[in-house]
Amino acid sequence: MNEILIMADEALLAERQTWLDALAHERRLSALTVEAYERDTRQFLQFLAKHAGGPARLSDIRQLRPADLRAFLASRRKDGAGARTLGRGLAGLRSFLRHLEKKGMVNAAGSRAVRSPKQPKSLPKPLSAEQAIMVSSDLGQLAEEPWIAARNAALLSLLYGSGLRISEALSLKKTDFADGAATLRITGKGNKTRVVPLLAAAREAVEAYIKLCPYPIAAESALFLGARGGPLQPAIIQREMQKMRSALGLPETATPHALRHSFATHLLSAGGDLRAIQELLGHASLSTTQVYTGVDAARLLDVFDRAHPRAG
């Protein structure tokens, strides 16, 4: 704390400590969050003192302009702070300024005029190939009713084998699976139609489910039925995946949608063309598909080393 005492006067430090105590005891934020906010505001006070030529005071806080906050964020970025760190730091500063504003000490409008740094897109969390195969096979199913186990295996095999969204798989009809069909015509977001591959293993899983299903499946009605014969709801499959995570030792990120991510990631890491994968996924923009390029960098580099004419 000695470093802080040099950077701010006693009145400002006292208010800062009151705010930190309130975060911990009244708002009950985690110790790690409070620690991060303490560090963020400490760095800000150091920045302020450096530019003021002496300990930061409440009068300095009152005179803050959006440009001052942007300059602080720019200095932190120059020191290597990423977008998430900067966003958290700005959130902490806004919280501290709101605390002072409630006491009539400052006007925090300037902090609200500063945009948070644009956050990077979260990378998908795919399953390994072994995990995806287990989850989408009949061996991985936990349902006691054989027909329900077969239904789950068929649906999950379509998510992984064809890269479908769960809503797309649940909208399929019996007529979509003609004898020997090698592709499926899918209507996805924005009513956009695309053609995706239908693996033989997935087609066989669907056929096995149809044979075991105790309810008649009309040609133009939903293919996948619930335990009482009505259309299957997404929540049922999500709960099944939750059970499988526990039973099979899968990570918390193992969800039905993770199988779609796995489909794209495994294709890309094996050297698949990004634009072709875009078409298979039904992404309107290539930039949406490009998020997968950061998923498996090590394997992508290996593919590059083996495939590029000038590599090695």
Legend entry - Those residues of region 137-196 which are out of contact with any helix residue (DSSP H, G or I) (no Cβ under 9 Å at 6 or more places or on another chain), in contact (Cβ under 8 Å) with a residue 24 or more places away in the chain and small (Gly, Ala, Ser), in sequence order: Ser171, Gly190
Inset, instruction - Test Gln63 against the criterion of being polar (S, T, N, Q), surrounded by 15 or more Cβ atoms within 10 Å (Cβ to Cβ) and assigned by TED's automatic domain parsing to the domain that holds Ala108, and give yes or no. - result: no
Inset, instruction - Please verify whether region 256-268 includes one or more residues that are touching a helix residue (DSSP H, G or I) at 6+ places or on another chain (Cβ under 9 Å), surrounded by 20 or more Cβ atoms within 10 Å (Cβ to Cβ), among the β-branched types (Val, Ile, Thr) and not assigned by TED's automatic domain parsing to the domain that holds Asn152. - result: yes
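Filter region 202-222 for residues that are in a loop (DSSP other than H, G, I, E, B) and surrounded by 12 or more Cβ atoms within 10 Å (Cβ to Cβ); which is nearest to the chain's Cα centre (by Cα)?
Ser221
For region 250-264, give me each residue that is charged (D, E, K, R) and part of a helix (DSSP H, G or I). Steps first, answer last, please.
So in region 250-264, the residues charged (D, E, K, R) come out as 252, 260.
Across region 250-264, the qualifying residue is only Arg260.
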Inset, instruction - Specify the residue that is modelled with the highest pLDDT; the eligible residues are those in region 82-126 that are over 21 Å from Arg65 (Cβ atoms), of a type in the set (Gly, Ala, Ser) and assigned to a loop (DSSP other than H, G, I, E, B). - result: Gly82
Inset, instruction - Under 8 Å between Cβ atoms, at least 6 apart or on separate chains: pull out the pairs that start in region 27-46 with a residue that is in contact (Cβ under 8 Å) with a residue 40 or more places away in the chain and end on any residue that is in a helix (DSSP H, G or I) and surrounded by fewer than 13 Cβ atoms within 10 Å (Cβ to Cβ). - result: Gln46/Glu3
Inset, instruction - Restricting attention to region 223-249, report how many residues are surrounded by 20 or more Cβ atoms within 10 Å (Cβ to Cβ) and either more than 21 Å from the chain's Cα centre (by Cα) or part of a loop (DSSP other than H, G, I, E, B) (or both). - result: 4
Inset, instruction - Could you please find all residues in region 51-108 being without any contact (Cβ under 8 Å) to a residue 40 or more places away in the chain, closer than 15 Å to Glu15 by Cα and under 27 Å from the mean Cα position of the chain (by Cα)? - result: Arg94
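Matching residues to (1) more than 30 Å from Ala83 (Cβ to Cβ); (2) surrounded by 15 or more Cβ atoms within 10 Å (Cβ to Cβ):
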{"site": "Arg115", "(1), (2)": "no, no"}
{"site": "Ala129", "(1), (2)": "yes, no"}
{"site": "Trp147", "(1), (2)": "yes, yes"}
{"site": "Gly163", "(1), (2)": "no, yes"}
{"site": "Val196", "(1), (2)": "yes, yes"}
{"site": "Ala200", "(1), (2)": "yes, no"}
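The values are calculated or read from the model by the stated rules, or taken from the named source; none is laboratory data. Everything quoted here is computed from the prediction, not taken from an experiment. Reconstructed Cβ throughout: ideal geometry from the backbone, glycine too, with neighbour counts over all protein chains shown.
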